[in-house]
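The values are calculated or read from the model by the stated rules, or taken from the named source; none is laboratory data. Here the structure is a predicted model, which means the values were calculated and not measured. For neighbour counting, all protein chains shown are included, and Cβ atoms are generated from backbone atoms with ideal geometry for every residue, glycine included. Accessible surface areas use protein heavy atoms only, side chains included; no ligands, DNA or RNA. Shrake-Rupley method; radii C 1.70, N 1.55, O 1.52, S 1.80 Å.
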Amino acid sequence: MWTRPLLYERLTWPEVRRAAGEDRVALIPVATLEDHGPHLPIDCDLRITSEICRRAAEAAPEETVLLPAIPHGYDPHHMDFPGPITIGWDTFTRYCTDVGTSLAHHGFTRMLYVNGHGSNQNLVETAARLVNVERPGVLAAACFYLSSPEGLAAVQEVGDSERGGMGHACELETSIYMAIDPDAVDMSRAVDERPPNETEHAWMDWSDGSLKCMPWWSSFSATGVHGRPTLATAEKGKALLDAAVGEIVGYVRELRTMPLPRRQEPRETP
C-alpha cells in the first residue's frame, strides 16, 4: 500500500520499482543499543534517530522513502555496562554498505544515512563513500543529526549546560527522549556526571574537541552518563526534535538538487 510517509518495508516489489523511479532519497536511520545512564532505556540512540527520520519522511512524503533502522552499531567501549550489542567495525561498515548497494541495485540513486551514535559516524561515512565508488552514478551521503550550523545553533540556544553537559545520556538526549516518550524516562534516577580527564583539546560534548580519544567508557563514567541530564525538559526536547527534523528535510532537498556523479577521463584542463 502506498503510504505517507513511504515505508520501504511495507511496499510490494512493484511499488519498490515505482519508488526507485521517482528520484526519492532513501532515508536510512543508523544507531545502536547501549547504556544511557540509570534513567534512559538502552534504545535511546535508536529511538531518537528513528523518530527524527520518521518525522522527516512525514514532512517530505513525496521526496523520501524510509528504510527500517539499522539497530546495532560499533560499541566495544561500552561493553562494561549491561545492554550494548556491538558489531565489529568491519562487519558493521560492510553491512551499512550492503544496504546502500542493495538499494542502488534496485534503482535508487540518492540515499542518506542518518546516524545517531557517535562511534558509528566514521564508519557510516565510510559506508556511504563505498556505495558511491562501488555503484557509479549513485549519490550516498551520511550525517549526524543536529550537527549542521543550524542544528548546532539550536543546541546552543536551547541548552543550559556548560561545555561537556551534552555528551551522552545528557541534557540533549534526555530532553529529546522526554519529548518523544516521557513515560519511558525516569528523571528520579537522572544523575549528572562529568569525566575528570578533559584537557584543552580532548573533551566531549555535542561538538567534541579536536583531539579524539575514546577509552573504555567505564574508565571515566561510573553511571554511563556524560553530561547534565538533570537539566533536561520535554520543552527543550521538542525544540531540538523540530530542529533535527528540519535539518534532515533540508539535507534531503539538498541531495535532490545535486547532480548524480558521472566519472570522466582525466585531462589537463577543466
Inter-residue pairs, beta-carbon under 8 Å, first without any contact (Cβ under 8 Å) to a residue 40 or more places away in the chain and in region 210-230, second part of a loop (DSSP other than H, G, I, E, B) and among the hydrophobic types (A, V, I, L, M, F, W, C), 6+ apart: Leu211/Ala202; Lys212/Ala202; Cys213/Ala202
For region 1-20, pairs from a residue that is under 17 Å from Arg55 (Cα atoms) to a residue that is basic (Lys, Arg) and open to solvent by 70 Å² or more (accessible area, probe 1.4 Å), with Cβ under 8 Å and 6 or more apart or across chains, are Thr3/Arg10; Pro5/Arg54
Considering residues that are open to solvent by 60 Å² or more (accessible area, probe 1.4 Å) and β-branched (Val, Ile, Thr), the number found within region 127-173 is 1
Tell me the residue from Pro76, Pro149 that is of a type outside the set (Phe, Trp, Tyr), free of Cβ contacts under 8 Å to residues at least 12 places away in the same chain and over 20 Å from His36 (Cα atoms), please. Pro149
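I'm trying to understand the selection: among the residues of region 174-195, which are open to solvent by 10 Å² or more (accessible area, probe 1.4 Å), at pLDDT 95 or above and not hydrophobic (A, V, I, L, M, F, W, C)?
Step one: filter region 174-195 for residues open to solvent by 10 Å² or more (accessible area, probe 1.4 Å), giving 178-195.
Keeping just the survivors that are at pLDDT 95 or above gives 178-193.
Matches in region 174-195: Asp181, Pro182, Asp183, Asp186, Ser188, Arg189, Asp192, Glu193.
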Exactly one of these conditions fails for Val249: (1) outside any helix (DSSP H, G or I); (2) farther than 20 Å from Asp43 by Cα. Give me its number. (1)
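Of all the residues that make up region 50-84, how many are in contact with a Lys or Arg (Cβ under 9 Å, 6 or more places away or on another chain) and closer than 15 Å to Tyr113 by Cβ?
First, the residues of region 50-84 that are in contact with a Lys or Arg (Cβ under 9 Å, 6 or more places away or on another chain): 57-58, 60-66.
Checking the rest, the ones that are also closer than 15 Å to Tyr113 by Cβ come to 57, 64-66.
Total satisfying the criteria: 4.
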Residue pairs, Cβ under 9 Å, 6 or more apart or interchain, first in region 114-142 and farther than 25 Å from Pro259 by Cβ and hydroxyl-bearing (Ser, Thr, Tyr), second outside any helix (DSSP H, G or I) and open to solvent by 10 Å² or more (accessible area, probe 1.4 Å). List them. Ser119/Tyr74; Ser119/Met214
Would you check if Lys212 is out of contact with any Pro (no Cβ under 8 Å at 6 or more places or on another chain), in a helix (DSSP H, G or I) and not hydrophobic (A, V, I, L, M, F, W, C)? no
Filter region 69-83 down to the residues that are assigned to a loop (DSSP other than H, G, I, E, B) and either among the hydrophobic types (A, V, I, L, M, F, W, C) or open to solvent by 10 Å² or more (accessible area, probe 1.4 Å) (or both) and list them by number. Ala69, Pro71, His72, Tyr74, Met79, Asp80, Phe81, Pro82, Gly83
Note down all Cβ pairs under 7 Å where the first residue falls in region 241-270 and is acidic (Asp, Glu), the second is loosely packed, with under 15 Cβ neighbours inside 10 Å and at pLDDT 95 or above, and they're at least six residues apart or on different chains. Glu247/Glu150
Please state which of the following conditions Leu260 fails to meet, knowing it meets all the rest: (1) in contact with a strand residue (DSSP E or B) (Cβ under 7 Å, 6 or more places away or on another chain); (2) surrounded by 15 or more Cβ atoms within 10 Å (Cβ to Cβ); (3) not in a helix (DSSP H, G or I). (2)
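Would you check if there is a residue in region 137-144 being touching an Asp or Glu at 6+ places or on another chain (Cβ under 7 Å) and closer than 19 Å to Thr174 by Cα? Break it down stepwise before answering.
At the first step, the residues of region 137-144 found to be touching an Asp or Glu at 6+ places or on another chain (Cβ under 7 Å) are 142.
Subset that is closer than 19 Å to Thr174 by Cα: none.
No; the residues of region 137-144 include none that is touching an Asp or Glu at 6+ places or on another chain (Cβ under 7 Å) and closer than 19 Å to Thr174 by Cα.
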Report yes if some residue within region 31-39 is surrounded by 16 or more Cβ atoms within 10 Å (Cβ to Cβ), over 19 Å from Asn115 (Cα atoms) and of a type outside the set (Ser, Thr, Tyr); otherwise report no. yes
Which condition number does Gly224 fail, the rest of (1) in a loop (DSSP other than H, G, I, E, B); (2) surrounded by fewer than 20 Cβ atoms within 10 Å (Cβ to Cβ); (3) under 20 Å from the mean Cα position of the chain (by Cα) being met? (2)
